[in-house]
Every structure is written in structure tokens, then in C-alpha cells.
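For reference, the structure is listed below as C-alpha cells.
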Amino acid sequence: MNLIDAHNVSFGHGRQKVLQGVSLSISPGEIVTIVGPNGSGKSTLLRVLIGALTPQMGKVTQRGGLRIGYVPQKLHIDPTLPITVRRFLNLPLAVDQTQADEALRTAGVSGVADKQMSQLSGGQFQRVLLARAILGKPDLLMLDEATQGLDQPGSAAFYRQIEAVRRDIGCAVLMISHELHVVMSASDRVICLNGHVCCEGTPDVVSAAPAYRELFGSGTGGALALYRHDHDHAHDHDHHEAAE
Amino acid sequence: MLDDFLVRAALAGVGTAVAAGLLGCFVVWRRMAYFGDATAHAAVLGVALALLFGTSITLGVGVVALTMAILIHGLSGQGASVDTMLGVLAHGALALGLVAVTLIPGQRIDLDAYLFGDVLSVTRMDLAVIWGGGALVVAALWWQWSAMLTATLSPDLAYAAGMNPRRAQLILTLLLAAVVAVAIKVVGALLITALLIIPAAAARTFAHTPERMAFLSMGIGALSAIAGLRLAVIFDTAVGPMIICVAAAIFGVSTISNNLRKLRA
């Protein structure tokens with residue numbers, strides 16, 4: 001049984017639709033990556049999936065008792081709120097110290113437990129968010145541009161960490177990323193999103209798809225199209241690059 | 001012991017300050033200061049309505065503060081910026097209350113008592129209301145602490161954990177109305193927000209965890225209440241404003257000493 005199903009989901013403010021007729025399913029244990037240009041609704045889709053946004057049309061079904069570990073794109077902690085890493089890891093559910101230390105180690109950031117969250121570097125902060133997300137032994141780990149603000153070696157190391165985490169706790173992973181070359185190799189399945197699902201499949205299938213090539217400007221496209229899909233729309237070429 | 005009006009005043013002040021100090025942490029963390037103002041200012045309208053219908057002041061204030069709080073809660077869910085709307089509601093309600101109070105036939109009331117508090121005249125009944133309301137606030141926050149804190153840090157993290165952060169927001173809103181109803185007798189409608197914010201802000205300097213900040217804030221609130229009452233008696237001034245002065249002084253000292261410590265480090 002799928003962990004989570006989105007069926008024909010549409011979401012938007014007024015007339016402007018951010019998501020239109022998006023359907024996707026995540027099976028246990030798979031790593032799925034969502035790619036797409038700026039403003040293509042990637043973060044919105046994730047927030048619909050966790051229930052933070054209610055879609056105007058369509059439906060999201062979570063498997064009963066599904067445990068989600070969510071790593072947001074960024075987390076702003078108000079400077080008036082003092083909180084140590086250890087305290088942060090205990091939200092919302094209290095965990096014992098051994099578990100907390102182990103999660104920090106798994107996330108590759110041991111020894112920061114007694115620091116204030118505000119003292120952490122960007123990379124440490126993201127890893128603490130990851131540690132908190134895996135503490136609940138999630139069935140599904142969701143990461144929204146989790147490597148934002150990390151340099152290239154840093155983000156490569158972060159993705160190796162994600163694979164290690166999946167090996168360790170056997171969760172499925174759904175992530176948003178713009179680091180195509182890194183992500184592609186680590187994913188079982190890639191979904192190319194631009195308000196709707198443009199194309200979907202294994203990394204080599206998607207990277208060969210014309211829609212993907214148009215979006216990311218990696219060549220003329222078409223020549224290696226192994227994967228047929230509806231292509232009834234024009235993409236704005238100013239969006240080039242994966243620069244988000 | 002309760003026959004002494006000073007003892008009653010001290011107990012009323014401490015009870016209010018402890019509840020306000022705890023709730024005030026969330027007001028500071030969530031940047032709800034204006035929200036607190038709007039709810040507190042509406043209390044004057046509550047006073048007018050209570051006098052008009054001959055009900056108890058606490059009931060009138062409680063009902064109006066609750067109505068205002070729920071109204072704002074609804075508006076804040078719309079996603080748009082509510083800053084201006086809060087300003088309109090806060091001062092509109094205050095002005096309407098001030099006008100309404102003077103229009104009540106056959107009554108000359110001491111408006112100052114509701115704007116700045118009149119803690120020296122608290123009765124045993126008032127004390128019961130204050131400590132009952134204060135206990136409700138502390139108990140509710142204690143019971144919902146983890147959910148409140150998660151929702152405050154990040155609504156999305158709360159949603160992902162299967163919680164509803166809107167519910168946390170609603171509970172805080174209701175508790176805010178309770179604190180307003182309880183505090184109007186002690187510091188008055190105009191200074192309630194100060195009692196919420198200043199002890200929490202002073203506590204921030206010394207705290208490493210949210211829990212420690214909450215305890216410190218309650219302590220600083222209680223200390224301000226007792227010291228403020230004492231100073232007001234010595235210098236023969238109004239009690240409510242003096243309590244706030246002491247809290248502000250503690251905030252000043254804590255901020256300056258913290259900056260000096262940072263300079264030295």
C-alpha cells in the first residue's frame with residue numbers, strides 16, 4: 001500500500017493556480033525527487049502533502065498512522081525564543097538522550113546538543129532539522145531544498161547522509177532539489193513539476209524527456225526521447241538553470 | 001490576613017503577573033503584541049457593557065475580550081497582513097468603550113480605575129477570580145506545552161507531526177482573553193500588554209531554553225508586582241503603572257548587563 005497518494009490536486013490563490021491536477025504516490029522505501037523551475041509549485045506540493053495547505057480540488061490520502069519526518073526549506077526561529085539543540089530535538093515528543101545523540105550522529109552533526117539553535121552554521125542547522133525529522137522513525141522523510149545554503153561538497157555529503165539514513169531506518173524519501181546531477185543519481189524516481197507533472201520516471205528517462213530538457217536547457221531535446229508524454233504547453237525559457 | 005487591603009493587593013498582583021508572565025512568553029515569541037493590545041483595549045468596551053446591563057465587570061470584560069480575540073483569530077487565518085486591521089480594532093474598541101462609558105445614564109464612574117487599574121480595592125471575590133483565571137492559564141499552557149511550542153516554532157513542523165497549529169493559536173487567543181479579564185483590575189486596560197511583554201523580554205536575556213524563560217518571566221512578573229506595590233505605597237503613586245515601571249527597570253538592567261557581558265567576552 002502506498003504511503004501517501006495525491007489525486008488530481010489543485011491549489012492556488014484566486015485565479016492563479018500554483019498546482020493543477022497533480023497526482024503522485026509514494027511507495028515504502030523509495031527515493032523520489034521533485035525537480036522544477038522557480039515558482040513551479042514544488043514547496044506548495046510538499047505543504048499540501050503534509051496537510052499544511054488544503055487543496056481546492058483533489059484529495060491527499062495518507063496511509064493510516066503514517067509518520068512523516070519533515071525538513072522545511074528554512075526555519076526561522078524568532079530571536080526572542082531561546083532553544084538548545086537538545087530541546088529542539090524533543091519537540092513535539094520527548095526522546096531520551098541516547099536516541100537524540102544517535103540521531104545527531106546519523107545526521108552527521110554530533111556534539112552540538114548543548115548549543116543554541118541560533119549559534120549553528122547553515123549546514124549544522126539543516127542537519128539538526130534532519131536529525132529531528134528522523135527521530136520519530138518516520139515512514140516517509142520529506143525534504144524541501146534541504147541543502148540550500150550549503151556549498152557543493154557540503155550538499156553532496158548531505159545527500160550521502162540521506163541515503164545512509166534510508167538504509168538505516170528504511171524510510172521512503174521525497175525531496176525537492178535543484179542540484180540535478182547529484183539528485184538524479186541518488187533517486188529511484190524523478191518527478192518533473194511545473195504547476196503540473198511534466199514527466200515522471202527513472203532518472204535516465206526523465207533526463208532524456210523533452211519537457212525536462214526544455215525546462216533545464218540541457219540540449220535541444222527530442223533526440224533521446226524514450227518516454228512519451230503530453231506536452232501541451234509552452235515553458236518560459238527565462239527560467240533556465242536550476243538556480244532557485 | 002486577607003482583611004488587609006495591601007495583602008489582597010499583593011496577592012492580586014502576583015496572581016496576575018504570574019499568569020501574564022507565562023502567557024507573555026508566547027506573545028513575545030509569536031509577535032502577538034498588537035494582538036494583545038486589541039484584546040486589552042476592547043476591555044473598556046466590556047466595562048461599559050457590564051455597567052449598562054448591571055452584570056459583573058469581569059464577565060463583561062471577559063465576554064468582550066473573548067469576542068475580540070475570536071474575531072482577530074478569524075482574521076489572522078485569512079493569510080493577509082492583519083497589522084492595520086488590528087490597529088483599527090484596537091483603537092476603535094478603545095474609543096467606542098470610552099464613549100460608551102460616558103453615555104451610561106445616571107452613573108459617574110472612575111474611568112482611571114479601568115484604564116490604569118485599581119488594585120488597592122480588590123475584594124476577596126476579585127482575588128478568587130484572579131487566582132482562578134490565573135490557574136486556568138497556567139494549567140492550560142502546561143497541558144498543551146509541547147504542542148504550543150512546536151506550533152510556535154513552525155506551523156509546518158506541527159502539521160507534519162499530525163497536529164493542528166491553528167488549534168494552538170486558538171487556545172492562546174482564548175487564554176489572552178482570560179488574562180485581560182483578570183488583569184484589568186490590577187494594571188488596567190492600557191497596561192495589560194506591558195505586563196505580558198516586559199517580564200518575558202527581561203527573562204529572555206538569562207534563558208537558554210523556552211522553559212527557563214517561562215519560569216524566569218513568571219518570577220520577574222511576581223517580583224515587579226510586589227516591588228511595584230511597595231514603591232507605590234512609599235511614594236503614594238498609582239500601583240499599576242508602578243508595577244510596569246519596575247518591570248521595565250528590570251528589563252533595562254538585564255539588557256545593559258547582558259550587553260556589557262558581551263562586550264567583555
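The values are calculated or read from the model by the stated rules, or taken from the named source; none is laboratory data. Being a predicted model, the structure only gives us computed values, none of them experimental. Note that each Cβ is placed from the backbone with ideal geometry, even for glycine, and that neighbours are counted across all protein chains shown. With ligands, DNA and RNA removed, areas are computed over all heavy atoms of the protein, side chains included. Shrake-Rupley method; radii C 1.70, N 1.55, O 1.52, S 1.80 Å.
Quick notes on this structure:
- For region B:133-147, the candidate set comprises residues that are over 20 Å from B:GLY46 (Cα atoms) and under 18 Å from the mean Cα position of the chain (by Cα); within that set, the residue that is farthest from the other protein chains (Cβ to nearest Cβ) is B:ALA135.
- Out of A:VAL109, A:VAL32, one residue alone is under 21 Å from the mean Cα position of the chain (by Cα) and under 30 Å from B:ARG204 (Cβ atoms). It is A:VAL109.
- Total residues in region B:207-262 satisfying the condition of being within 14 Å of another protein chain (Cβ to nearest Cβ), farther than 23 Å from B:THR193 by Cβ and either surrounded by 21 or more Cβ atoms within 10 Å (Cβ to Cβ) or among the β-branched types (Val, Ile, Thr) (or both): the figure is 1.
- Criterion (away from chain B (no Cβ under 14 Å), under 21 Å from the mean Cα position of the chain (by Cα), open to solvent by 30 Å² or more (accessible area, probe 1.4 Å) and modelled with pLDDT of 85 or more) met by exactly one of A:ARG127, A:ARG63, A:ARG67, A:ARG160: A:ARG127
- Single residue of B:GLY252, B:GLY219 found to be touching a residue at least 40 places away in the same chain (Cβ under 8 Å) and not hydrophobic (A, V, I, L, M, F, W, C): B:GLY219
- For region A:70-81, the set of residues classified as out of contact with any strand residue (DSSP E or B) (no Cβ under 9 Å at 6 or more places or on another chain) and either open to solvent by less than 20 Å² (accessible area, probe 1.4 Å) or facing another protein chain (nearest Cβ under 7 Å) (or both) consists of A:LEU75, A:ILE77, A:ASP78, A:THR80, A:LEU81, listed by residue number.
- Yes/no for B:ILE197 being of a type in the set (A, V, I, L, M), open to solvent by 20 Å² or more (accessible area, probe 1.4 Å), under 30 Å from A:LEU66 (Cα atoms) and within 18 Å of the chain's Cα centre (by Cα): no
- Residue in region B:209-231 that is of a type in the set (D, E, K, R), under 20 Å from the mean Cα position of the chain (by Cα) and in a helix (DSSP H, G or I) present: yes
- Residue list for region B:1-57, restricted to those being outside any helix (DSSP H, G or I) and buried (at least 24 other Cβ atoms within 10 Å of the Cβ): B:MET32
- One residue alone among A:GLN97, A:GLN73 is within 22 Å of the chain's Cα centre (by Cα) and farther than 19 Å from A:LEU3 by Cα, and that residue is A:GLN73.
- Of all residues in region A:101-119 being part of a helix (DSSP H, G or I) and more than 14 Å from chain B (Cβ to nearest Cβ), the one that is nearest to A:ILE77 (Cα to Cα): A:LEU104
- Exclusive hit being under 19 Å from the mean Cα position of the chain (by Cα), among the acidic types (Asp, Glu) and open to solvent by 50 Å² or more (accessible area, probe 1.4 Å), set B:ASP126, B:ASP112: B:ASP112
- Residue count for region A:198-227 under the criterion of being part of a loop (DSSP other than H, G, I, E, B), at pLDDT below 80 and within 18 Å of A:LEU24 (Cα to Cα): the result is 1.
Residues are listed down the side, and each one gets a yes or a no for (1) in a helix (DSSP H, G or I); (2) at pLDDT 90 or above; (3) surrounded by 18 or more Cβ atoms within 10 Å (Cβ to Cβ); (4) not aromatic (Phe, Trp, Tyr):
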site	(1), (2), (3), (4)
B:LEU141	yes, yes, yes, yes
B:ALA147	yes, yes, yes, yes
B:ALA151	yes, yes, yes, yes
B:LEU157	yes, yes, yes, yes
B:MET163	no, yes, yes, yes
B:GLN169	yes, no, yes, yes
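- Within the set A:THR54, A:THR98, A:THR84, the sole residue that is surrounded by fewer than 18 Cβ atoms within 10 Å (Cβ to Cβ) and either more than 29 Å from A:SER27 (Cα to Cα) or away from every other protein chain (no Cβ under 11 Å) (or both) turns out to be A:THR98.
- Residues considered: B:ARG204, B:ARG108, B:ARG124. Of these, the only one that is out of contact with any His (no Cβ under 8 Å at 6 or more places or on another chain) and within 14 Å of chain A (Cβ to nearest Cβ) is B:ARG204.
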